[in-house]
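To start, the structure itself, in structure tokens.
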Amino acid sequence: MRRATYCAIMGLAFFSMEGAYMSKVAGHGICFSVVASLILMALLGCAVAETPTPPASLTPSPTVAKSPTPSPSPYAPPSTITLWTTEAFLPSPDTSTGEVMEGIYQGFREEHPDIAVQFVPKRPYGKGGILDFLLTASAVAPQTLPDLVTIDLSQVEFLLGKEILQPWDGLIPQELADDLLPRIRQAGSKEGQLVAFPFQVDIEHLVYNPSLIDSPPRTWDELQSQETTYVFPAGGEEGVNSFLIHYLALGGSLVDEEGNPDLDEAVLTQVLEFYREGYEAGYISPSVLDLKSLDDSWALFKEGGVAMANVSSQHLLMEGAGQAYAPLPTKNGAQATMARCWAFVLLTPDPRRQAPAAEFVEWFLTPENLTAWAQASGHLPPSRSALRLAIEDTGYRLFARRQMEAAYLRPLNAEIAAALQQAVVDVLSGNATPQEATDQVIQTLH
């Protein structure tokens, strides 16, 4: 009798809440769905044996989690997915990128009225940033992880061992993955699976003043023979990027198979010698140690103080129309650059939540939407079809594509970056010879 009374009460509560739900907007539907699901489970419990059948166990991949096979479920899929992202990616009428994102999201809601996205802003890097929160949550409260995140592709390596990454294979149409430039797609793939779906790229290249330079230098020897000044950021994090471009182009290594620091001393010394010789001869500007970022380098070039500078592709796309550009000079003239790439990463293992998350990512990655985002933000789209639409200047479009196909993805190792940055500063400031600076790097990392 008590059991029947309990079931009747729960049934009345369920249908009363259903009436209240119909007056709610789509964005609040998930709250009801959770409560309704709990009540429904209670009702089902009245009619079945009290000892549940244990669920089938899943064996995760050693690094990349496998998506569980969907099983029949009496519950409706959740209507709201959670996305951790940066301020720049939020729908908002207050910025040009926010307006574009608002339009993309509104179009998605019209096409998928049963799915809403909760955008949760996080810092892109550092303490309290996306990676920091993901590592903390996965260790102590994995149930608080979002369904989806946008993240710097260089940070994905730190998540592989956590077994929280869900592959995109089978969730996103294959033609979208095939449309990615091979080098960028490879960077988002681990163990043969696409675990990070890239949506924007920035590359580093040269801008120069044609009135001061007849033709841009392709090699170090050509750079040394020109009576001009060249700048790049050497005093901050992006100075490490400039150094790594030369180091990696010469075949230098960073880590061994186990992820431990493993630098090539001969190559390291060779690049530092190039820095010292250029600095002492004057074709590398004395101001490089004062430049902390590519923004600083671009600003100095625009002022007319130097003949050529390392800048970001975003500078040309947003405010550099008509500027002369070229690949960065390397020792042997081989094209090389550093790319910073952001990607979508799926975290929820629940197939009922994976489906709506994939619907949103697929919507954003259509060539039209990706083009709108690229043009508003100044980032390069990593897909061939969106790249054709986003950049009208054929010459720069082809140049950017070639650069992306030759790009190194910036490795994120704070210990190595700090050691290399100190070596650059020591050599350019005259506090150490290239060999002494190399010895100090090796000693610091070992």
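A short reminder: the numbers here are calculations on the coordinates, not readings from a lab. These figures come from a predicted structure and were not determined experimentally. Neighbour counts run over all protein chains shown; Cβ positions are idealised from the backbone, glycine included.
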Notebook entry, point to check: Can you run phi through the Karplus equation (6.51, -1.76, 1.60; θ = phi - 60°) for the range 421-437 and list ³J(HN,Hα) in whole Hz, with x for Gly and Pro?
Noted result: 4, 5, 5, 4, 5, 4, 6, 5, 8, x, 7, 7, 7, x, 5, 4, 5
Notebook entry, point to check: Ranked highest first by the average count of other Cβ atoms within 10 Å around their residues, in what order do 226-232, 149-155 fall?
Noted result: 149-155, 226-232
Notebook entry, point to check: Taking only the alpha-carbon positions of the range 367-446 and ignoring solvent, what does the Debye formula give for the base-10 log of I(q)/I(0) at q = 0.16, 0.24 Å⁻¹?
Noted result: -0.69, -1.03
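So if I take the alpha carbon set of the range 239-283, get Rg, then get Rh from the Kirkwood formula, what is the Rg over Rh ratio?
1.06
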Next item on the list: Mind giving me the FRET efficiency for Glu303 and Thr433? R0 is 35 Å, r the Cβ-Cβ distance, nearest 0.05 is fine.
Entry: 0.60
Next item on the list: Let me know the charge dipole size of the range 181-245 about its Cα centre in debye, to the nearest 20, where only the beta-carbon of Lys, Arg (+1) and Asp, Glu (-1) is charged.
Entry: 400
Check: Where q = 0.09, 0.14, 0.19 Å⁻¹, what log10 of I(q)/I(0) comes from the Debye formula for the range 285-412, counting one point per Cα?
Finding: -0.35, -0.75, -1.18
Next item on the list: Can you spot the aspartates and glutamates whose alpha carbon is less than 17 Å from Lys122's alpha carbon? Ignore those fewer than 8 places along the same chain.
Entry: Glu87, Asp132, Asp147, Asp152
